[in-house]
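Participant: Dropping the structure in here first, questions after.
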Amino acid sequence: MATASVTKAQADKPIQTQVIDVSAPTRREFLYYIWGASIALLLGEATAGLIWFALPRFKAGQFGGIFTYLAKDIPEPNAAPLNIPSGRFWLANPITTDVTQEGFVALYGVCTHLGCLPKWVDTNHRFECPCHGSKYQLDGHWIEGPAPRSLDRFKTTITFEDGSTATTNDVGDPIPLDGKKILKVDINTGARIRRAGHV
Ligand code: FES
């Protein structure tokens with residue numbers, strides 16, 4: 001059986017050592033760090049995106065948000081409607097028999113035909129679209145022209161002086177005032193109610 005033997009020359013040979021700094025990252029560890037940082041960055045971006053989508057995009061007083069008006073801003077019954085260009089709507093208070101529906105209403109100011117902006121024509125007491133001639137009553141009800149629907153409306157909540165409130169129903173009917181005094185109205189331009197045809 002062979003046995004290992006160490007010669008004197010081998011025994012006298014100085015032992016060579018190599019010092020390895022275990023605290024320094026290896027090339028593989030370095031790649032792991034880069035990979036981990038990239039994943040963390042992607043996750044961070046995805047989380048930020050989710051938060052951004054979850055937050056409301058519109059602020060009060062901007063189109064898409066809530067517009068608030070006090071009683072003094074509300075048109076008198078059957079008077080010319082008040083145009084609010086920044087909210088793309090008209091405040092109207094139709095009350096006489098030349099309209100289909102009475103009560104307070106916030107009308108979306110865009111023609112339901114091809115999207116032009118109807119103007120209020122005082123002498124004819126109606127909205128008239130400059131593009132193809134559609135006409136609408138003070139309550140937004142279609143009169144004539146190619147528009148397929150009456151003017152759309154925005155969901156509105158009225159707070160009365162007696163503390164009661166009233167909100168537009170799901171089909172957008174005007175809110176009856178029943179002689180009550182308005183304290184304020186909130187128009188939600190993020191909640192447009194499409195009219196179901198010439199109603
Ligand atoms: S866009 Fe108003 S009638 Fe055509």
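Bear in mind these aren't lab numbers, they're just calculated from the coordinates by the rules spelled out. In this text the structure is predicted, and so the values were computed from the model without any measurement. With ideal geometry, Cβ positions are generated from the backbone for all residues, glycine too; neighbour counts draw on all protein chains shown.
Participant: For the peptides 27-39, 149-161, what is the packing order when you average, over each peptide's residues, the other Cβ atoms within 10 Å and list the highest mean first?
Facilitator: Sorting 27-39, 149-161 by mean packing, highest first, produces 149-161, 27-39.
Participant: At 0.36 nm per residue, minus the direct Cα-Cα distance, what do T167 and R28 gain on full extension? Give it in nm, one decimal, please.
Facilitator: Working: separation 139, 0.36 × 139 = 50.04 nm, distance 6.48 nm.
Going from the current span to full extension adds 43.6 nm.
Participant: For each pair in K72/K181; K119/K181; K155/K184; K72/K180, compute the distance between the two Cα atoms and list the pairs where it is over 20 Å.
Facilitator: From K72/K181; K119/K181; K155/K184; K72/K180, over 20 Å: K119/K181.
Participant: Moving on to the next point. Take peptides 166-174, 134-142 and line them up by average Cβ neighbours within 10 Å, highest first, as a rough protection proxy.
Facilitator: On the way: 166-174: 16.4, 134-142: 23.1.
Highest to lowest by the protection proxy: 134-142, 166-174.
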